Every structure is written in C-alpha cells, then in structure tokens.
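S.K.: Before we start, here is the structure in question, set down as structure tokens.
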Amino acid sequence: VQFVVHHSTYHDNPFVTLEYAAFLESFKVDDPFWYQTFTQGLWGAKTNNNAFYDGFKREINTAPTSYDPEKPILLGFDFNVQPAMHLLVCQLDGKKLNVIDELVCVSPYNSTEGACGEFIKRYNNHKSGLSLFGDASGRQQSTASKVGVNNWTLALAALEKFHPLLVVPPKTPS
C-alpha cells in the first residue's frame, strides 16, 4: 500500500488572517497541547492520568475496603449495553461511601435481568437492606418491552427477595 503524507500548518495557508495567526500563537502560553496540535500541526492524543476527575489521586482517595453483611448495600446501575452493563456495589461508613465491588456484565449478562442475576450470585445471602440508584432514564418505556415495564421495574422484580428501595428521581435533572 502506497500513501503520501502531507504536513502543513497555518503558515502554509495564504488565507489565514493576522488575527487568527495571533490567536493560534496564543496557545503557546495558554494551552501547549493545542499549540502543538493546531499551530505546529503535530496531532496526537492528549493523555491525562485523571481523565475524569481532576482532583482524584489514587494514593489519597482509595483504600482497601470490604463488604460488611451488617450494612445496607447501595447499588448503582449504569444501563449501558456495550461494551458492558455495570453495577457499582457500595456501602456507607458514616459519611464515607465505600465502593466494595463493581460488576462488569458483558454479553450475555449485559441486560438488567442479567446484571441483577450476577448481583444475586455474589450477594445472595445479604439481608441488611438494598437501595437502587442510577439514571432516571431507566424509567423510559421501550418498544422492546410491555407497557409499564422499564429497566427499573425489571431490576425491582429481579431483586425482589432483597425488598429493594428505589432511590431514583422521576426524571433526569436538566
């Protein structure tokens, strides 16, 4: 396979105004990554060890924790299908929220019933309360299910033996 690579920058474009050139050059101080990308034409992916949480430091914000069968479980749902559906198993220790487990449910368990089944396999003997948390969009109807059935009604039915409490707003805040 033959190909040609053409590298150019704004310097090669005769239609770039002086104002726009000055704007691009301002990135040299304001944002070195943007300067490298848009001014020098050196494209790449910006890496960040804290891609989602700027203030998160693993060595400060994490510590070993374990499941306490005497405390209620707070179960967080992420209703994605691909690449997986996730359940976050948490417990409170005073005002501190401990994440004790994450269930990553890939096919064929990446459905509400499948993920709940995986939870039951791990926590079948839990008797100290269960609260369900997650996105209000889980209340949405789908043409793939009967009227009145949604992700939350499926989760409540699948986890009925735990007498779960649904702690989800009626709609997603805007």
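S.K.: For the pairs LYS121/LYS161; LYS71/LYS96; LYS57/LYS171; LYS71/LYS171, note any where the Cα-Cα span goes beyond 23 Å.
M.R.: As for pairs spanning more than 23 Å Cα to Cα, those are LYS57/LYS171; LYS71/LYS171.
S.K.: Let me ask something additional. Averaging the inverse of every distinct alpha carbon separation and then flipping it gives the Kirkwood radius. What is it for the range 41-174, in angstrom units?
M.R.: About 16.6 Å, per the Kirkwood formula over Cα pairs.
S.K.: Counting only the heavy atoms of the protein chains, how much of HIS7 is accessible to a 1.4 Å probe, in Å² to the nearest 10?
M.R.: Per-residue accessible area (HIS7): approximately 110 Å².
S.K.: Within the accessible area of the range 42-158, what % is carbon and sulfur when the probe is 1.4 Å and the other protein chains stay in place?
M.R.: Heavy-atom surface of the range 42-158 belonging to carbon and sulfur, 1.4 Å probe: 55 percent.
S.K.: Based on the alpha-carbon gyration tensor of the range 4-94 and its eigenvalue square roots a ≥ b ≥ c, which shape applies: rounded if a/c is under 1.5, prolate if not and a/b is larger than b/c, or oblate?
M.R.: Because a/c hits 1.5 or more and a/b exceeds b/c, the range 4-94 counts as prolate.
S.K.: Under 10 Å, Cα contacts only: if you run a Gaussian network model on the chain, which one of VAL16, VAL106, VAL147 comes out with the highest mean-square fluctuation?
M.R.: Sorting by GNM fluctuation, first place goes to VAL16.
S.K.: Keeping all protein chains in place, calculate the accessible area per residue for the chain (probe 1.4 angstrom), answer in Å².
M.R.: Result: 73 Å² per residue.
S.K.: Towards the positive end of the charge dipole of the chain, with charges on Cβ (+1 Lys, Arg; -1 Asp, Glu), say which of LEU88, PRO64, CYS116 has the farthest Cα.
M.R.: With unit charges placed on the Cβ atoms, the residue in question is CYS116.
S.K.: Right, here's the next one. Loop-only chymotrypsin sites (Phe, Trp or Tyr not before Pro) in the range 52-103, please: DSSP not H, G, I, E or B, and at most 12 other Cβ atoms within 10 Å.
M.R.: Qualifying residues, ordered by number: PHE52, TYR53, PHE56.
S.K.: Out of the DSSP beta bridges found with both residues in the range 48-174, what percent are antiparallel (nearest 5)?
M.R.: In the range 48-174, DSSP labels about 65 percent of beta bridges as antiparallel.
The values are calculated or read from the model by the stated rules, or taken from the named source; none is laboratory data. All values derive from a computational prediction rather than experimental measurement. As a convention, Cβ positions derive from the backbone with ideal geometry for all residues, glycine included, and neighbour counts pool all protein chains shown. Heavy atoms of the whole protein, side chains included, go into the accessibility calculation; ligands, DNA and RNA do not. Shrake-Rupley method; radii C 1.70, N 1.55, O 1.52, S 1.80 Å.
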